[in-house]
Amino acid sequence: EAGNSLAQTRYFVRSNSLDHSYSRMSERKDADVPLVNNWINGKWVPPSTNEYLDVISPSTKKVIAKVALSGPEDVQAAVDVAKKAFEIWGSWPVKKRVVPIIKLHSLLIDNYSKIIEIIMLEHGKNRAEAYGEIAKANETVEWAMSLPQLIQGRVLEVSTGVECKEIRMPVGVCANIVPFNFPAMVPFWTLPICIACGNCYILKPSEKVPLTMQFIAGLIKEAGVPDGVFQIVNGAIPVVNALCDSPGIDCVSFVGSSKVAEIVAKRCRALNKRVLALGGAKNHLVSMPDCDIELAAQDIVNSYSGCSGQRCMAASTLLTVGDQPDLLKAIVEKSKQLTPGCEARQLGPVIDQAAIDRISMYIEKSVAEGATLLLDGRSWMNNKNGYYIGATIIQHTNPKDSALHVEIFGPVLSVLKVNSREEAVAFENANPYGNAAAVYTTKGEHAQWFQTRFSAGMIGVNIGVPVPREPFSFGGCNKSKFGDFDITGDGAMEFFTLRRKITTKWAAPKERTWLN
């Protein structure tokens, strides 16, 4: 299995210095880069296609690995293994199933530094963001550890001598298709809860960032999760199609663009599969004239530029109620302090050249439409060492400008002045997405007014990235979610279990004894 062992993944993370890891990678010949194969039944297995795709570090533009481009045959192999594993794993009591989950929690903590290095290498997050990602991933593990206390059913005597009981049963074999922007956190939105509920789990990572979960696969095995319960099939569109279409897959969860999320949802529902598909977003911030300028400015910068704007909860539109020059000045000044790089408080690269081209296109289009650039980050595009584009702030006067309505997925903030809070809410409500919205205010009356009128599923008050933390579930609405449940917490428990109702009646004893 040369080229496929976890030891070779650890090549990237032996040094505490990311720069040292990068320099060592740059010395390797293309033929020497590790292969990221499929994790089937506890082993690394080459794809049936024998095809691979280059994995490129966005911070260096260098090839760091080659990932398998699998086909339907590889999906079927994983499904066959999962179905056999489910016969045993699904029959275990939940207290037994969470034992390896508890061990995994500890192993992740022990390997935080290694996982952080891998995320920085293959995705480009800065160190603080990479730490936040794996720590947030481990929060869902903690929640899954509590399932023996959370998954309990109900029992009630509904009539004389008649008892009703409700228990939760696992769904079966579940597939999870994830994007590039959170190589660890998004898979862990579902992974620990799914398997702790008794299901078997097949992951299709983004082909752009397969190394993080390759490393974590070894930790999952070390934790004691039986072979076949967790598997990875790498690839692109053919793998997604096969996972949706396979009769051996009982439910599918997906995170990605709204266009693809809707396609996945319709495809799975046509086959009567349980499906939860999260899509994109266009998140709005509203600043009231009474807002705390320092608090709001720092939080707005964190919201639109954090993770280089590559997250579905990033703010991309700021609606100022009236003229607020002091707030805009503070946002611009704080944004100017950002520098390119992967250390804490630096702005990392975007994922690839296609992202650079898309982001710069919308900046150019905004200027052509008559908008003003308060800060132009395109000078960073000259960086030959990575796919960098700096923080950009666009002031619009036309509410129909393109950048105000599309998900740019980069460190770009569009600003539009509105005349009232009613106008702000109307603008937010008109957008087809429904992930997040937030208001900055020092008045409780404004906060209460907005939180009951925003159309988004996750609302913030003086918090520009209002991600619910466990035990609360993550999930938007409208075109940001196609499905009936949320993806973490009790929403995930509901999605990954079936409610089974049992009604029981026994004949009355014919003889009376001291026992009856």
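Mind checking which residues of segment 340-350 are among the hydrophobic types (A, V, I, L, M, F, W, C) and either touching a Leu at 6+ places or on another chain (Cβ under 9 Å) or open to solvent by 10 Å² or more (accessible area, probe 1.4 Å) (or both)? Give the steps one after another, and end with the answer.
In the first step, residues of segment 340-350 are kept if they are among the hydrophobic types (A, V, I, L, M, F, W, C); the result is 342, 344, 347, 350.
Residues satisfying the conditions are Cys342, Ala344, Leu347.
Tell me, please, whether a residue that is among the aromatic types (Phe, Trp, Tyr), open to solvent by less than 50 Å² (accessible area, probe 1.4 Å) and under 17 Å from the mean Cα position of the chain (by Cα) can be found in segment 459-475. Can you show your working first?
So the first thing to find is which residues in segment 459-475 are among the aromatic types (Phe, Trp, Tyr), and the list is 472, 474.
Imposing the further condition that a residue be open to solvent by less than 50 Å² (accessible area, probe 1.4 Å) reduces the set to 474.
Still in the running and under 17 Å from the mean Cα position of the chain (by Cα): 474.
There is at least one residue in segment 459-475 that is among the aromatic types (Phe, Trp, Tyr), open to solvent by less than 50 Å² (accessible area, probe 1.4 Å) and under 17 Å from the mean Cα position of the chain (by Cα).
Among the residues of segment 466-480, is any touching a helix residue (DSSP H, G or I) at 6+ places or on another chain (Cβ under 6 Å), in a strand (DSSP E or B) and not assigned by the TED database to the domain that holds Lys259? No; the residues of segment 466-480 include none that is touching a helix residue (DSSP H, G or I) at 6+ places or on another chain (Cβ under 6 Å), in a strand (DSSP E or B) and not assigned by the TED database to the domain that holds Lys259.
Answer with yes or no whether Pro170 is in contact with a Cys (Cβ under 7 Å, 6 or more places away or on another chain), touching a residue at least 12 places away in the same chain (Cβ under 8 Å), within 24 Å of Ala85 (Cα to Cα) and open to solvent by 10 Å² or more (accessible area, probe 1.4 Å).
Details: in contact with a Cys (Cβ under 7 Å, 6 or more places away or on another chain): yes; touching a residue at least 12 places away in the same chain (Cβ under 8 Å): yes; within 24 Å of Ala85 (Cα to Cα): yes; open to solvent by 10 Å² or more (accessible area, probe 1.4 Å): yes.
Judged against the criteria, Pro170 is a match.
Number of residues in segment 360-384 that are touching a Ser or Thr at 6+ places or on another chain (Cβ under 8 Å) and either part of a helix (DSSP H, G or I) or surrounded by 14 or more Cβ atoms within 10 Å (Cβ to Cβ) (or both) equals 12. Scan segment 431-442 and give yes if some residue there is among the aliphatic types (A, V, I, L, M), assigned to a loop (DSSP other than H, G, I, E, B) and touching a His at 6+ places or on another chain (Cβ under 9 Å), otherwise no. No. Looking across segment 400-430, the residues that are polar (S, T, N, Q) and open to solvent by less than 30 Å² (accessible area, probe 1.4 Å) come down to Ser402, Ser414.
Restricting attention to segment 35-76, which residues are farther than 24 Å from Tyr387 by Cβ, in contact (Cβ under 8 Å) with a residue 40 or more places away in the chain and of a type in the set (Gly, Ala, Ser)? Within segment 35-76, Gly42, Ser70, Gly71 meet the criteria. Which of the residues spanning segment 140-188 are among the acidic types (Asp, Glu) and closer than 23 Å to Cys251 by Cα? Within segment 140-188, Glu166 is the sole residue that qualifies.
Could you tell me whether Trp143 is in the same structural domain as Lys221 (by the TED database), touching a residue at least 24 places away in the same chain (Cβ under 8 Å), in contact with a Gly (Cβ under 9 Å, 6 or more places away or on another chain) and not small (Gly, Ala, Ser)? So Trp143 passes the test.
So, of the residues in segment 288-320 that are aliphatic (A, V, I, L, M) and either within 24 Å of the chain's Cα centre (by Cα) or outside any helix (DSSP H, G or I) (or both), which turns out to be nearest to Glu343 (Cα to Cα)?
Taking segment 288-320 as the starting set, the residues that turn out to be aliphatic (A, V, I, L, M) are 288, 293, 295-297, 300-301, 313-315, 318-319.
Next, from what is left, pick out any that are either within 24 Å of the chain's Cα centre (by Cα) or outside any helix (DSSP H, G or I) (or both): 288, 300-301, 313-315, 318-319.
Numbers: Met288: 33, Ile300: 20, Val301: 17, Met313: 22, Ala314: 20, Ala315: 22, Leu318: 27, Leu319: 31 Å.
Out of the qualifying residues, it is Val301.
Entry remark, segment 173-216: residues being of a type in the set (Lys, Arg) and either without any contact (Cβ under 8 Å) to a residue 12 or more places away in the chain or buried (at least 24 other Cβ atoms within 10 Å of the Cβ) (or both) number 1 in total. Given the criteria open to solvent by 40 Å² or more (accessible area, probe 1.4 Å), closer than 22 Å to Ala315 by Cα and under 30 Å from the mean Cα position of the chain (by Cα), does Tyr433 qualify? Here the answer is yes, as Tyr433 does meet what is asked. Quick one: is Lys479 open to solvent by 90 Å² or more (accessible area, probe 1.4 Å), within 16 Å of Ala277 (Cβ to Cβ) and out of contact with any strand residue (DSSP E or B) (no Cβ under 7 Å at 6 or more places or on another chain)? It is true that Lys479 is open to solvent by 90 Å² or more (accessible area, probe 1.4 Å), within 16 Å of Ala277 (Cβ to Cβ) and out of contact with any strand residue (DSSP E or B) (no Cβ under 7 Å at 6 or more places or on another chain). Annotation for segment 496-516: no member residue is in the same structural domain as Ile193 (by the TED database), part of a helix (DSSP H, G or I), modelled with pLDDT of 95 or more and aromatic (Phe, Trp, Tyr).
Run Ile116 past the list (1) hydrophobic (A, V, I, L, M, F, W, C); (2) closer than 16 Å to Gly218 by Cβ; (3) under 18 Å from the mean Cα position of the chain (by Cα) and report the number of the one that doesn't hold. Among (1) hydrophobic (A, V, I, L, M, F, W, C); (2) closer than 16 Å to Gly218 by Cβ; (3) under 18 Å from the mean Cα position of the chain (by Cα), the lone unmet condition for Ile116 is (2).
Listed by position, the strands (runs of 3 or more DSSP E) enclosed by segment 118-219 that each have at least 1 residues that are in contact with a strand residue (DSSP E or B) (Cβ under 9 Å, 6 or more places away or on another chain) and under 19 Å from Phe230 (Cβ atoms) are 162-170, 173-177, 200-204. Scan segment 449-458 for residues that are open to solvent by 40 Å² or more (accessible area, probe 1.4 Å) and under 17 Å from the mean Cα position of the chain (by Cα) and jot them down. Correct list: Gly457 only. Considering Thr397, Thr392, the condition of being out of contact with any Cys (no Cβ under 6 Å at 6 or more places or on another chain), of a type in the set (Val, Ile, Thr) and open to solvent by 60 Å² or more (accessible area, probe 1.4 Å) is satisfied by Thr397 alone. Quick one: would you say Val321 is of a type outside the set (Phe, Trp, Tyr) and over 24 Å from Pro58 (Cβ atoms)? In short, yes. Scanning segment 321-363 for residues that are aromatic (Phe, Trp, Tyr) and over 25 Å from the mean Cα position of the chain (by Cα) yields a total of 0.
The values are calculated or read from the model by the stated rules, or taken from the named source; none is laboratory data. As the structure is a prediction and not an experimental result, all values here were calculated from the model. As a convention, Cβ positions derive from the backbone with ideal geometry for all residues, glycine included, and neighbour counts pool all protein chains shown. In case anyone asks, the SASA skips ligands and DNA or RNA and just uses the protein heavy atoms, side chains included. Shrake-Rupley method; radii C 1.70, N 1.55, O 1.52, S 1.80 Å.
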